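The values are calculated or read from the model by the stated rules, or taken from the named source; none is laboratory data. The model shown is predicted, which means the values in this text are computed figures rather than measured ones. Virtual Cβ from ideal backbone geometry, glycine too; neighbours counted across all protein chains shown. These area figures cover heavy atoms from the full protein model, side chains too; ligands, DNA and RNA do not enter into them. Shrake-Rupley method; radii C 1.70, N 1.55, O 1.52, S 1.80 Å.
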Amino acid sequence: TPPRGHEGPPPHPTSRQWITEIAPRLSKAEAKKYIRFVQRAGEVVFVPRGWWHLTLNLTFTVAATGNFCSEAGLQGTLEAMAKQSPSMAQALRTEWQIRCASASRRGR
């Protein structure tokens, strides 16, 4: 769920703005809804589909990130994406159809 007051389209606050300006003003009840932690070197974090998140690098950081969308979650992902970026959702749908057709021709 988007943070209260930031449900609409971008621009959203930066990670630094969220940490320094918004989070300190949250009530105790609101603050309990959020998980804060420090990720150490070598650790992996999985963020489930639909979870809003932010990252604030505390030191020089090299990170590798990726987004994964399974076939089972594709429709929900496209629907959510279409609300924010219809052209991006259509491009993803088209690419998925091309790849499925290609895999079908190869017998997969």
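Relative intensity of the chain on a log10 scale, I(q)/I(0) at q = 0.18, 0.19, 0.22 Å⁻¹, equals -1.12, -1.19, -1.34, per a Debye sum over C-alpha point scatterers of equal strength in the absence of solvent.
Of the residues Trp96, Ile35, Ala72, the one whose Cα sits farthest towards the positive end of the charge dipole of the chain is Ala72 (charges of +1 on Lys and Arg Cβ, -1 on Asp and Glu Cβ, taken about the Cα centre).
Pairing the Cα long axis of helix 74-84 with the longest principal axis of the chain, what angle in degrees results, from 0 to 90 and rounded to the nearest 10? Result, in degrees: 60. Between Thr59, Thr14, Thr77, where does the largest GNM mean-square fluctuation fall for the chain, given springs only between Cα atoms within less than 10 Å? In this elastic network of the chain, the residue with the biggest mean-square fluctuation among Thr59, Thr14, Thr77 is Thr59.
Hey, can you find the accessible area per residue of the chain for me, probe 1.4 Å, expressed in square angstrom?
Details: 9560 Å² over 108 residues.
For the chain, the solvent-accessible area averages 89 Å² per residue.
Could you work out what % of the accessible surface of the chain is carbon and sulfur, using a 1.4 angstrom probe and leaving DNA, RNA and ligands out of the count?
Working: 5380 of 9560 Å².
Its accessible area is 56 percent carbon and sulfur atoms.
Using C-alpha pairs under 8 Å with a sequence gap of at least 6, the mean separation divided by the residue count of the chain gives a relative contact order of 23 percent.
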